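S.K.: Before anything else, here's the structure in question.
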Amino acid sequence: MKISSAEFVISNSDVAKCPKEKLPEYAFIGRSNVGKSSLINMLTNRKNLAKTSGRPGKTQLINHFIINKKWFLVDLPGYGYARVSKSAKKVFQKFITSYFSKRTQLVNAFVLVDSRHEPQKIDVEFMLWLGENQIPFSIIFTKADKLSKNKLEVQIAEYKKKILEYWEEMPIYFITSSSSGQGKEELLAYIDNINKQ
Ligand code: GDP
């Protein structure tokens with residue numbers, strides 16, 4: 001898929017105020033600093049569509065972008081930032097669970113994980129929650145350029161092992177780098193194929 005237009009639509013903390021259009025919607029979520037903004041900018045060929053965060057955990061909003069006037073890309077707040085207070089975490093949980101349970105337009109959630117890190121409890125728990133709530137999701141391994149090919153394979157194998165403790169099979173996954181553009185075509189083709197169905 002070629003991205004011919006990518007525009008910011010609205011930011012808000014209330015799922016009821018998200019755009020009313022019944023366009024297919026794809027959400028991107030992950031721990032703060034995982035590389036989500038960089039990935040969104042890479043996918044949409046824009047330098048600053050999603051704000052890369054100097055201060056992780058700051059953007060606590062649901063951000064809608066419309067792509068090719070056909071589908072929404074949704075940038076969700078980064079989770080698991082240590083400096084956020086417990087009460088802020090609770091608000092965050094509510095807000096995210098309400099987005100995922102109420103947003104009927106949502107087609108797929110992309111859960112971003114840093115390919116350098118071991119499987120993190122918070123990510124696995126979040127995936128389990130998505131699974132329990134029948135929300136389709138895929139995994140995006142980010143920052144692949146930071147690892148050698150061998151090390152990357154080891155990391156992915158570890159991740160698979162962890163996931164297979166809970167699921168019968170590994171969900172669809174993508175290996176990406178916002179620096180090199182790795183994974184861009186695959187990810188966009190995946191979305192395009194679903195949109196065509
Ligand atoms: P966010 O908080 O998840 O939106 O993360 P950002 O996109 O702001 O990225 C966090 C940091 O990781 C920044 O310093 C980025 O430059 C860096 N980064 C993000 N993606 C990549 C990548 O694919 N490769 C490399 N080498 N660095 C990356």
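Computed from the coordinates by the stated procedures, all read-outs in this text should not be read as laboratory data. As the structure is a computational prediction, the values presented were derived from the model and not from experiment. Here Cβ is always computed from backbone atoms with ideal geometry, including for glycine, and neighbour counts include all displayed protein chains.
S.K.: Using the Cα centre of the chain as the reference point, and only Cβ charges (+1 on K/R, -1 on D/E), how large is the resulting charge dipole? Debye, rounded to the nearest 20. Intermediate values should be presented prior to the final figure.
M.R.: Details: 31 positive and 19 negative charges, 167 e Å.
Using only the charged Cβ atoms, the result is roughly 800 debye.
S.K.: Oh, and also: Please tell me the relative contact order of the chain in percent, rounded to the nearest whole number, where contacts are Cα pairs under 8 Å and at least six residues apart. If you can, show how the numbers build up before the last one.
M.R.: Numbers: 321 pairs, mean separation 45.8, N = 197.
Reported as a whole number, the value is 23 percent.
S.K.: Counting other C-beta atoms within 10 Å, which of 113, 9 has the fewest, and how do the rest follow?
M.R.: Values: 113 24, 9 14.
Starting with the residue having the fewest Cβ neighbours, the order is 9, 113.
S.K.: Mind checking which of 68, 140, 13 is farthest towards the positive end of the stretch 6-196's charge dipole, using Cβ charges of +1 (Lys, Arg) and -1 (Asp, Glu) about the Cα centre?
M.R.: Ranked along the dipole, the leading option is 13.
S.K.: Cα-Cα pairs above 20 Å in the stretch 6-196: how many percent?
M.R.: Numbers: 9650 of 18145 pairs.
Here the long-distance tail beyond 20 Å is 53 percent of all Cα pairs in the stretch 6-196.
S.K.: Going by C-beta contacts inside 10 Å, put 13, 4 in order with the fewest on the left. Please list the in-between numbers first.
M.R.: On the way: 13 14, 4 10.
So the residues, fewest neighbours to most, are 4, 13.
S.K.: Okay, next question. Among the lysines, which fall within straight-line cross-link reach of residue 184, defined as a Cα-Cα distance under 17 Å, with same-chain neighbours fewer than 8 residues apart omitted?
M.R.: By straight Cα distance, residue 184 reaches 2, 36, 47, 143, 146.
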